[in-house]
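The values are calculated or read from the model by the stated rules, or taken from the named source; none is laboratory data. It should be emphasised that the depicted structure is a prediction, and the values quoted were computed from it without experimental measurement. Note that we place each Cβ from the backbone using ideal geometry, even for glycine, and neighbour counts take in every protein chain shown.
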């Protein structure tokens, strides 16, 4: 079941890639920017920007992620600060 | 109130209709709740364009002629937003029907009514009033969750909005002062102090549009709201803010960049998020970015028209699919009681209908061909291309890809398939039915975009279903799926929370309160004590000048010579004086102080009274 699904998916991938290439060759689309003329630009954009987004998010996550009880502990810190002063 | 006969304000149907809700029960109430939005919808369909319900503001003595309250400015811009608000409210009410607490319906109706009030307001004063009613009524949709966390998040939510409201009001007052008019039209824009009113008003609007860093109220409070309440919240606050931005600040360049950053910002935080409704809340912010960018590109001329059309069309579609996504996420929360990806999984076996309805929303937000996002989001992206903003174009495309990655793949994968396997069942029928209607509308707009394009203020020359465009979009999204499949373990949710600008109210706010309670009060007490001493001295002086002057010398001497350790004589003198004249000391704080204070105030008043007209006016 799973392998059949994947085969269908691979076929779809190839069909899409060929379709984009053929549209590009016939000049079917109007291009506003130079980079849109790169062959298979949209496929590359889809793949690359997903990877970049995940990597950026992972990197930011190291910096911004906290444990779930983070706020409670921070509140307690402010309270302690209050008492000390 | 003089309301013209041919026009009935659709917002007032909701605002007045609220009064009957607590009286009705059971099926009667359900029927009544559904009837009201239908009446409002018919009312809107019968409405003609024009200006209605204007009240001259002669109560103000100054420039009375220019001040007019306009409750009903009906034109092609306000009508589109009116339509989508009423249609959305109808679907949302059906979704909420299994809710027993009438308070939720009441606050929701006031919320919808005031949002309609904002949309049809033709002047800044009535706009502001409805703006604030919107903030307070929506607060109860959060508080009705009745959890500790919802309670706190609600307070932070209203603090943000009160801040925004104050800034907006300040801007409006300054604007009325400088221009002598309160009419709500496009504000003048430029750089310099002269434009301060415009800046303040823009700041107030941006807060409701959730432009970072003023967005934290949204991602903080929406996920804490009630199941039905969160669905209402998705539509009105942010989209009415888009409306006022379109009206007040079209073509303001900074909004293009803010919008593009907003789109990416929202989606990056959505990638990091674990709570399903918070993840969707971040994607609301991201979607708002397209509209804000569209507003920024809305200069006059043909390029601006496509941007404005795109922003409005996207707001229209976004209300629908965001409601659908929140409905499905709410359904999951309703039946499982859980909303964290790490605690969910394998729900497809139990809730296949919810899954497919969710996926229609997900395909719409991702902009798949045949779904609503495709016909609207691409208009804004196209406008960026027409403007020649390559970086903005890339950022917006990136955000679209990220949206599919997170809302279309990550969330459903970890909720309905992979992860902890939990038990569930389909949600109540009214929820499924409401989701069905919204899903139908999403697909309908996707297939027949003319229906939406016909309502837009400018003629649409844009053809979304050009073959090259369809293929490139499919290509982009299908390769996003490839990337997801490869990286899916990296996207696996963690039991963590993410820091955001809600830190401002959570920690900085607490520190501020601490600052007020400790150093500020101590400082005030020092000043207070010093003033009392001075007043006491004068009182003593009036009573017994000789003792008072000796006192003063002794006090000064004791204080000045203390560092040199030569003040023994003065200290002894002071003690002697205190022993000899205990009564004079008591005088210092009793009658003398009060008399002196009132004397000082009277003198000050006399000075102001006499000098008015001479020194100042």
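If we only count helices (runs of 4 or more DSSP H) wholly inside chain A, which ones have 3 or more residues that are exposed (fewer than 11 other Cβ atoms within 10 Å of the Cβ), over 25 Å from the mean Cα position of the chain (by Cα) and more than 7 Å from chain B (Cβ to nearest Cβ)?
A:2-25, A:70-84
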Single match in B:424, B:385, B:400 (criterion: out of contact with any strand residue (DSSP E or B) (no Cβ under 8 Å at 6 or more places or on another chain) and crowded, with 24+ Cβ neighbours inside 10 Å): B:400
For residue B:404, indicate whether it is within 14 Å of another protein chain (Cβ to nearest Cβ) and at pLDDT 95 or above. yes
Pull out all pairs, ordered by first then second residue, where Cβ-Cβ is under 8 Å, the residues are six or more apart or on different chains, the first lies in the stretch B:229-247 and is in contact (Cβ under 8 Å) with a residue 12 or more places away in the chain, and the second is outside any helix (DSSP H, G or I) and surrounded by 24 or more Cβ atoms within 10 Å (Cβ to Cβ). B:233/B:225; B:238/B:210; B:241/B:210; B:246/B:298
Out of the residues in the stretch B:462-491 that are assigned to a loop (DSSP other than H, G, I, E, B) and touching a residue at least 12 places away in the same chain (Cβ under 8 Å), state the one that is nearest to the other protein chains (Cβ to nearest Cβ). B:491
One residue is enough: does the stretch B:521-541 have a residue meeting the conditions within 11 Å of another protein chain (Cβ to nearest Cβ) and surrounded by fewer than 18 Cβ atoms within 10 Å (Cβ to Cβ)? yes
Looking at this structure, is residue B:518 at pLDDT below 85 and within 14 Å of chain A (Cβ to nearest Cβ)? yes
Could you check how many residues of the stretch B:106-139 are surrounded by fewer than 24 Cβ atoms within 10 Å (Cβ to Cβ) and over 19 Å from residue B:208 (Cβ atoms)? 1
Yes or no: the stretch B:515-529 includes at least one residue that is assigned to a strand (DSSP E or B), on the phi < 0 side of the Ramachandran plot and in contact with a helix residue (DSSP H, G or I) (Cβ under 9 Å, 6 or more places away or on another chain). no
Can you confirm whether residue B:433 is surrounded by fewer than 22 Cβ atoms within 10 Å (Cβ to Cβ), within 14 Å of chain A (Cβ to nearest Cβ) and touching a residue at least 60 places away in the same chain (Cβ under 8 Å)? no
So is residue B:510 surrounded by 15 or more Cβ atoms within 10 Å (Cβ to Cβ) and outside the structural domain of residue B:409 (by TED's automatic domain parsing) or not? yes
Kindly indicate whether any position in the stretch B:492-512 is touching a strand residue (DSSP E or B) at 6+ places or on another chain (Cβ under 7 Å), over 19 Å from residue B:399 (Cα atoms), free of Cβ contacts under 8 Å to residues at least 24 places away in the same chain and within 7 Å of chain A (Cβ to nearest Cβ). yes
When you go through (1) in contact (Cβ under 8 Å) with a residue 60 or more places away in the chain; (2) buried (at least 24 other Cβ atoms within 10 Å of the Cβ) one by one for residue B:205, which number turns out not to apply? (1)
